[in-house]
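Contents: one structure, followed by commentary.
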Amino acid sequence: MYLFKTADGLKSHIRHIKSSNQKIGFVPTMGALHEGHLSLIRQSLAVCSHTICSIFVNPTQFNEASDLQKYPRTPAKDIALLHSVGTDMLFMPSESEIYPDQLDTALDIDFGPLESVMEGAFRPGHFAGVAQVVNRLLELTDPDMLFMGQKDFQQALVVQKMIEKLQLEVELVVVPIVRNEDGLALSSRNVRLSEKGRRQALALSQALKLAKALAPEKGTTFAKEEAIALLEKAEGVKLEYFEIADGNQLQPLTDEHSTDFIVACVAAWVEDVRLIDNMILKGGF
Ligand code: AMP
């Protein structure tokens, strides 16, 4: 596995690969890797001839300084994991490689109503930061395919919209959520939970499962109410939102029969960790 720390080193290697018309797959991450990240890497390895993973904890997408500071960092373990699955290239840049002083990397994209709900509403500026870093990383890696997780559902929609608005020549592939056997969605943030916190966090996937089970017969309004009741009763869980929305725009459902793509999304705090999860109730990417 090649390890690049500078944009110039990475770019010259990619130019070399591109000259022989080979397909590049790219998996951006913030490190503290787990099986969820590895499923993205494996998918890229299966369909592309070269797979690049990046590890960069992007300061511009954190709306709270303490969240950025507490974000888990495990570089040695990450390198070993990526090597073990056969990743071709790892890009681990410093902040000055991604955001050099002389370069204006900020974007001004209007994501419309997609930006004002759920994560957009609770984390102001988050998606502007995500778009900025993903666009910059795409510029440097120049991939044919970009692999992102359904775990960050709204992020995937925002990035798809950015690709369309900037007319980027890359195909976004959204990879299903990897969960523990008990249902907990894998997340880098889970390592900050105590054993008790991990058990309490199961309420998120339980609420999503309940909504999925109830929605077909009882409707999405009832399903949402029951899921919220479960979360409000759950010990140690502080709910931020639970929404059932149309899967294309994440807007509240007016008529659940008018769309063939429905998703339930949740965000909640357990201990001092903010967790998100979602489940597709109908249709898919
Ligand atoms: P992160 O390092 O949290 O920024 O995540 C990097 C990528 O991995 C994003 O596209 C996430 O959606 C994806 N990802 C994170 N957790 C999971 C999971 N449990 N299953 C599948 N993909 C995931």
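Ligands, DNA and RNA are left out, and with a 1.4 angstrom probe the accessible area of the chain is 47 Å² per residue. Taking the Cα centroid of segment 221-235 and of segment 58-72, what is the distance between the two, rounded to the nearest whole Å? A separation of 30 Å, based on Cα centres. Counting only heavy atoms of the protein chains and using a 1.4 Å probe, D255 has close to 70 Å² of accessible surface.
How much mean residue ellipticity at 222 nm does the chain get from its helices, if each DSSP H run of length 4 or more adds -39500 (n - 2.57) and you divide by all residues, to the nearest 500 deg cm²/dmol? Helices in the chain give a 222 nm mean residue ellipticity of -13000 deg cm²/dmol. Under 15 Å from the Cβ of K282, count the other residues' Cβ atoms, weight Lys and Arg +1, Asp and Glu -1, and hand me the total. Around K282, the surrounding residues sum to -2.
Legend: residues H34, H16, sorted from most to least accessible area (1.4 Å probe; ligands, DNA and RNA excluded), read H16, H34.
The residues L253, L3, sorted by heavy-atom accessible surface at 1.4 Å with ligands and nucleic acids left out, run L3, L253 from largest to smallest. Compute the signed sum of charges (Lys and Arg +1, Asp and Glu -1) over the other residues within less than 11 Å, Cβ to Cβ, of V47. Once all neighbours under 11 Å are counted, the net charge is 0.
From the Cα gyration tensor of segment 89-137, with a ≥ b ≥ c the square roots of its eigenvalues, which class applies: rounded if a/c is under 1.5, or else prolate if a/b is larger than b/c, or else oblate? In terms of gyration-tensor shape, prolate.
Projecting the Cα atoms of Q167, M148, A264 onto the dipole axis of the chain, where Lys and Arg carry +1 and Asp and Glu carry -1 at the beta carbon, places M148 farthest toward the positive end. Remark: accessible surface ordering of V174, V130 (largest first) is V174, V130, probe radius 1.4 Å. For segment 97-142, the share of accessible area belonging to carbon and sulfur comes to 47 percent (1.4 Å probe, ligands and nucleic acids excluded). Sorted into 5 angstrom bins from 0, the C-alpha pair distances of the chain split as 1, 5, 12, 16, 18, 17, 13, 9, 5, 2, 1, 0 percent. Taking Cα centre as origin and charging only the Cβ of basic (Lys, Arg, +1) and acidic (Asp, Glu, -1) residues, the dipole magnitude of segment 134-214 rounds to 700 debye.
The values are calculated or read from the model by the stated rules, or taken from the named source; none is laboratory data. From a predicted model like this one, the values you see are computed outputs, not experimental measurements. Neighbour counts are summed over all protein chains in view; Cβ atoms, including those assigned to glycine, are modelled from backbone coordinates with ideal geometry. SASA here: full protein model, heavy atoms, side chains in, ligands and nucleic acids out. Shrake-Rupley method; radii C 1.70, N 1.55, O 1.52, S 1.80 Å.
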